[in-house]
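Participant: Structure provided below as structure tokens; questions to follow.
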Amino acid sequence: MRAVVIALADLGKSARMQYHARALAASGVDVDLVGFEGTALSRAILDDPRIAVHRFLPATQRVSQTSGTAYAMVAVFDTLRVSLDLWGILRRLARPDLVLMQNPPAFPTLAVSWFSLRHRNVRFVVDWHNLGFTVLRQRLGRWNPVVRLARWYERRDARRVDANICVSRGMALWLEKKFDVAPPTVLYDRPAAVFAPIERGERERFKQTLYGRLGVRLGRNALIVCPTSWTEDEDFDLVIDAVNRLEDRIRGWEAAAPGRRFTDVVILVTGDGERRTRFERLFAGLPARRVQLRTRWLEPEEYPRVVGSADLGLCLHRSSSGLDIPMKVADLFGAGVPVCALDYGACLAERVRHGDNGMLFSTGRQLADVLFDLLETFPADQSTLERLRTGARRSARPTWDEGWMKDARPVLLPSLSAGTPASDPR
């Protein structure tokens with residue numbers, strides 16, 4: 001059996017689609033994984049003999065456009081070039097039994113895949129990470145004709161394919177009601193096995209090594225890890241505001257009782273992207289008395305260990321639709337790390353429960369207050385953090401493999417699921 005897994009995004013940053021590819025391969029399926037060049041892929045993908053990777057250059061011309069009109073015009077040429085490249089790759093592949101596509105972007109992914117790979121008995125499934133038209137709406141405005149066309153196109157595709165998978169119950173309900181599709185299957189983002197809690201002593205030793213690499217003072221500092229792709233749906237202005245407010249509050253707290261000292265706080269923003277350089281300049285201008293901001297790109301093999309060493313996770317994702325849930329939350333929970341997350345609605349609350357496995361905030365002031373309250377007695381008294389850490393560990397179950405077997409496999413491989421259990425026939 002063969003499957004084509006398509007993500008018109010940087011494949012190295014498309015963790016969920018990589019997980020799909022690995023799960024399909026573990027079920028005995030030969031997988032063609034198709035997407036953009038960019039970040040290095042994990043060894044688990046590259047070393048799997050059942051997975052063949054096909055990468056091509058992404059569209060970049062629209063990135064430099066600031067006005068909505070220019071962006072829309074250039075996007076047409078970008079899309080045409082990507083469509084031709086994708087068409088060329090797909091036409092060379094062996095005929096698949098399954099085509100699994102990431103959305104967004106809906107166009108040209110499904111159109112090109114449909115005309116390239118559609119044959120009798122080929123099953124088409126869309127994995128909805130977000131709504132593409134809402135991403136365009138942020139850039140072009142609610143009533144732009146391109147946004148309305150994109151919404152119509154996504155609705156048509158949702159009704160055209162054999163099945164839909166999505167990342168939250170809220171999104172499933174929205175697709176069912178607004179796009180009039182059969183109830184989609186909810187497959188929550190779950191951590192891969194590499195994200196696991198680290199024992200406290202080992203965690204502290206690794207943190208000291210990491211602090212040396214980051215150029216910050218060694219000691220029992222609080223480490224906050226903020227995984228990011230540096231995209232427009234992440235609110236870094238908010239964290240800059242929060243750092244300024246937190247510094248002010250710490251100064252007042254220390255002045256009120258001479259001799260006491262607040263812990264140093266290190267906020268490590270991981271990842272790479274087009275907005276990183278701009279915000280690094282802003283970070284450099286912040287006061288570095290108690291709170292220090294650092295940015296680093298981490299290799300796929302190193303990233304889980306850095307996440308596991310954190311005392312807290314920070315999620316700045318601001319959803320364009322209010323219906324998606326960022327993968328970084330699942331990674332942090334897998335490592336047993338509680339999450340401070342920017343609150344954008346009920347869908348986020350499906351995973352982040354305030355006071356149980358993390359804390360929610362809406363403004364820079366609220367984030368500063370949350371961090372102060374959680375770290376006021378750090379490192380001597382970490383009882384609140386430990387309670388949240390326990391909640392995070394509970395939220396890591398089921399794992400990705402367990403969730404995929406229960407929810408996704410029957411949708412993607414109905415003929416196999418109706419027969420024998422998963423096995424690798426090699």
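Participant: Would you please give the FRET efficiency between Trp87 and Arg205, computed as 1/(1 + (r/R0)^6) with r the Cβ-Cβ distance and R0 = 45 Å, to the nearest 0.05?
Facilitator: Values: r = 51 Å, r/R0 = 1.14.
According to the calculation, E is roughly 0.30.
Participant: So between Tyr153 and Ser415, what do we pick up on full extension, going 0.36 nm a residue minus the alpha carbon distance? Write out the running numbers ahead of the final one.
Facilitator: Numbers: separation 262, 0.36 × 262 = 94.32 nm, distance 2.97 nm.
Stretched out fully, the Tyr153 to Ser415 stretch lengthens by 91.4 nm.
Participant: Would you calculate the separation in nanometres between label points at Arg397 and Ala40, each defined as 7 Å from the Cα along the Cα-to-beta-carbon direction?
Facilitator: My value for the distance between the label points is 3.5 nm.
Participant: Select from Thr228, Trp114, Val99 the residue farthest towards the positive end of the dipole of the chain; place +1 on Cβ of Lys and Arg, -1 on Cβ of Asp and Glu, and compute about the Cα centre.
Facilitator: Working it through, the farthest residue towards the positive pole turns out to be Trp114.
Participant: What order do you get for Ser395, Ser383, Ser116 when you list them from fewest to most C-beta neighbours inside 10 Å?
Facilitator: Numbers: Ser395 24, Ser383 8, Ser116 17.
Ascending number of Cβ neighbours within 10 Å: Ser383, Ser116, Ser395.
Participant: Straight-line reach from Lys406: which aspartates and glutamates have Cα under 14 Å away, leaving out those fewer than 8 places along the same chain?
Facilitator: Qualifying aspartates and glutamates at Cα under 14 Å: Asp189.
Participant: Rounded, prolate or oblate: which fits region 200-395 when a ≥ b ≥ c are the square roots of the eigenvalues of the alpha-carbon gyration tensor, with rounded for a/c under 1.5 and prolate only if a/b beats b/c?
Facilitator: Values: a/c = 1.24, a/b = 1.20, b/c = 1.04.
Since a/c stays below 1.5, the shape of region 200-395 is classed as rounded.
Participant: Sorted from fewest to most neighbouring beta carbons within 10 Å, what does the list Phe133, Phe179 look like? Numbers along the way, then the final one.
Facilitator: Numbers: Phe133 24, Phe179 18.
Ranking Phe133, Phe179 by Cβ neighbours within 10 Å, fewest first, gives Phe179, Phe133.
Participant: Another question, then. Suppose the chain between Arg55 and Glu376 were pulled fully straight at 0.36 nm per residue; how much longer would it get relative to their current alpha carbon spacing? Mind dumping the intermediate values first?
Facilitator: On the way: separation 321, 0.36 × 321 = 115.56 nm, distance 4.77 nm.
Stretched fully, the Arg55-Glu376 segment lengthens by 110.8 nm.
Participant: Here is a further query. Which of His317, His20, His54, His119 has the fewest other C-beta atoms within 10 Å, and how do the rest follow up to the most? Display every interim value, and only then the final one.
Facilitator: Values: His317 22, His20 26, His54 16, His119 8.
Ordered by Cβ neighbours within 10 Å, fewest first: His119, His54, His317, His20.
Participant: Evaluate the distance, in nm, between pseudo-label points positioned 7 Å from the Cα of Lys406 and of His354 along their respective Cα→Cβ axes.
Facilitator: According to this spin-label approximation, the distance is 2.7 nm.
Participant: Would you list the membrane-span-like helices of the chain, meaning whole DSSP H runs whose alpha-carbon atoms span at least 15 Å along their axis and whose mean Kyte-Doolittle value is at least -1.0? Spell out each step's value before the answer.
Facilitator: Values: long enough: 15-26 (16 Å, -0.19); 68-92 (36 Å, 0.67); 145-160 (22 Å, -1.38); 200-214 (20 Å, -1.65); 236-256 (30 Å, -0.12); 364-375 (16 Å, 0.72); 383-395 (18 Å, -1.19).
Sorted by number, the helices that extend far enough and score high enough are 15-26, 68-92, 236-256, 364-375.
Participant: Output the Cα-based Rg and Dmax of region 306-355 in Å, rounding Rg to one decimal and Dmax to a whole number.
Facilitator: In order Rg, Dmax, the Cα atoms of region 306-355 give 10.5, 32 Å.
Participant: About the Cα centre of the chain, what is the dipole size in debye to 20, counting +1 per Lys and Arg Cβ and -1 per Asp and Glu Cβ, all else neutral?
Facilitator: Details: 62 positive and 50 negative charges, 104 e Å.
With Lys and Arg at +1 and Asp and Glu at -1, about 500 debye.
Participant: Using a simple spin-label model with points 7 Å from Cα along the Cα→Cβ vector, what separation in nm is obtained for Leu282 and Ala256?
Facilitator: Taking the simple label geometry, Leu282 and Ala256 are separated by 2.9 nm.
Participant: Where does the chain land at 222 nm, in deg cm²/dmol rounded to the nearest 500, when only DSSP H runs of n ≥ 4 count, each adding -39500 (n - 2.57), divided by all residues? Mind showing how you got there, number by number?
Facilitator: Details: 18 runs with 185 residues, N = 426.
Mean residue ellipticity at 222 nm (helix-derived): -13000 deg cm²/dmol.
Participant: In the Gaussian network model of the chain, springs joining C-alpha atoms below 10 Å, which of Gly212, Gly358, Gly38 carries the largest mean-square fluctuation?
Facilitator: Looking only at Gly212, Gly358, Gly38, the largest GNM fluctuation is found for Gly212.
Participant: Suppose the chain between Leu214 and Trp143 were pulled fully straight at 0.36 nm per residue; how much longer would it get relative to their current alpha carbon spacing? Before the final figure, lay out each step's value.
Facilitator: Values: separation 71, 0.36 × 71 = 25.56 nm, distance 4.56 nm.
This chain segment gains 21.0 nm when fully extended.
Read-outs throughout are calculated quantities, based only on the coordinates presented, and are distinct from any laboratory measurement. Quick caveat: nothing in here was measured; it's all calculated off a predicted structure. Backbone-built Cβ (ideal geometry, glycine too); neighbour counts: all protein chains shown.
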